[in-house]
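Participant: Quick one: the structure is below, and I'll ask about it shortly.
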Amino acid sequence: MGDVIGGYRLLTAMQTTGSGSARWCLAMRGMERFFLKEFLSPVWPVRQDTPLGQKQLDRCLRFEERKQRLYASASCVLGDVLVPVVDFFRENGHYYAVTEAAPDGHMTADRAFHLPDEEKRQILYDLAVGLQRLHAQGIVHADLKPEHVLLIPQDRGWKPKLIDLDSGFLTDDPPHSAQELEGDPAYLAPEVFLRMAGEQTELGAALDVFAFGMLISQIWTGGLPEFDRTRYHYLYEAALENGSIQLHLPEKWEQLVRRMLCAEREQRPQAAEIADCLWFPQESAKHNGFANGLKRLMKQGL
């Protein structure tokens, strides 16, 4: 390619596959490969001395401030949960975000259903813990779906990592207008649709919980929860009208996921409760063994 943006040499052509608000490519800086994303909007105004130019400038400055706060908060999330944004800059009127390139051998969560049950349980538990840590830092991903969950091969099993915070926001600064809302309608929470339709619904971490309920079904069974597709196009429609939703999950999880898919966000469980429910026997045994060993040491005065 040879083109250079912000010091990153482009390795592939820019493409918009999977994103309507940005385009992306692979790039290199030094000896490292990166994922370079160009936001299509907002664009820095050519002229700032006009009413329209001032309006565009205000939008750009707000966008810049929100992204910087979001990325700074994401850098403080405990654990190896996110593929981090390592650079954010503006060049030739456009904004760019840079993340590490995915390692060789990775796959996305839409291919996880063929894995052994133990490995799928581990992936779901790790995702729940990651979501808990994200929400504890005041971050809402707002676009959870299989394509945004990378599975990195480990010595044993797979390590999930979340990518793409394009739609993300901080709980103390949620989107204020329908124009700021994005996301795949197949994974959209009911309150997001209602906000898009003009209702003043509250947006927060519960919208991630709704999408995660769908992810649990997809990772475990290979398919989304079933509903009457002759009446509804999307699951959020079935939830809003209290339509029948069928799940094919272990009995222990089914009641939990039904609560996650509830139309009323206040009735959905928080990520910590979800992690507790997904905690599987091997981890529980290790946790109890560690706790019992610690108690013995304390009794011995060590």
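The values are calculated or read from the model by the stated rules, or taken from the named source; none is laboratory data. Keep in mind it's a predicted model, so treat the numbers as computed, not measured. We place every Cβ from the backbone using ideal geometry, glycine too, and count neighbours over all the protein chains shown.
Participant: Determine whether the stretch 2-25 contains at least one residue that is free of Cβ contacts under 8 Å to residues at least 60 places away in the same chain, in contact with a helix residue (DSSP H, G or I) (Cβ under 9 Å, 6 or more places away or on another chain), surrounded by fewer than 16 Cβ atoms within 10 Å (Cβ to Cβ) and over 30 Å from ASP172 (Cβ atoms).
Facilitator: No - not one qualifying residue is present in the stretch 2-25.
Participant: Looking at HIS176, is it at pLDDT 95 or above and assigned to a loop (DSSP other than H, G, I, E, B)? Lay out the reasoning, then the answer.
Facilitator: Details: at pLDDT 95 or above: no; assigned to a loop (DSSP other than H, G, I, E, B): yes.
The answer is no for HIS176.
Participant: Does ARG66 satisfy the condition of being in contact with an Asp or Glu (Cβ under 7 Å, 6 or more places away or on another chain), more than 23 Å from SER217 (Cβ to Cβ) and either among the charged types (D, E, K, R) or free of Cβ contacts under 8 Å to residues at least 12 places away in the same chain (or both)? Don't jump to the end; show me each part of the working.
Facilitator: Numbers: in contact with an Asp or Glu (Cβ under 7 Å, 6 or more places away or on another chain): yes; more than 23 Å from SER217 (Cβ to Cβ): yes; either among the charged types (D, E, K, R) or free of Cβ contacts under 8 Å to residues at least 12 places away in the same chain (or both): yes.
Taking the combined requirement at face value, the residue satisfies it.
Participant: Just need a number here: residues in the stretch 215-267 that are in contact (Cβ under 8 Å) with a residue 60 or more places away in the chain, surrounded by 13 or more Cβ atoms within 10 Å (Cβ to Cβ) and closer than 23 Å to GLY168 by Cα.
Facilitator: Summing the residues that are in contact (Cβ under 8 Å) with a residue 60 or more places away in the chain, surrounded by 13 or more Cβ atoms within 10 Å (Cβ to Cβ) and closer than 23 Å to GLY168 by Cα in the stretch 215-267 gives 6.
Participant: Can you tell me which residue among LEU151, LEU131, LEU127 is buried (at least 22 other Cβ atoms within 10 Å of the Cβ) and in a strand (DSSP E or B)?
Facilitator: On the way: LEU131 fails: in a strand (DSSP E or B); LEU127 fails: in a strand (DSSP E or B).
It is LEU151.
Participant: Taking LEU224 and the conditions (1) within 17 Å of VAL129 (Cα to Cα); (2) touching a Ser or Thr at 6+ places or on another chain (Cβ under 8 Å); (3) assigned to a loop (DSSP other than H, G, I, E, B), which numbered condition does it fall short on, given that it satisfies the others?
Facilitator: (1)
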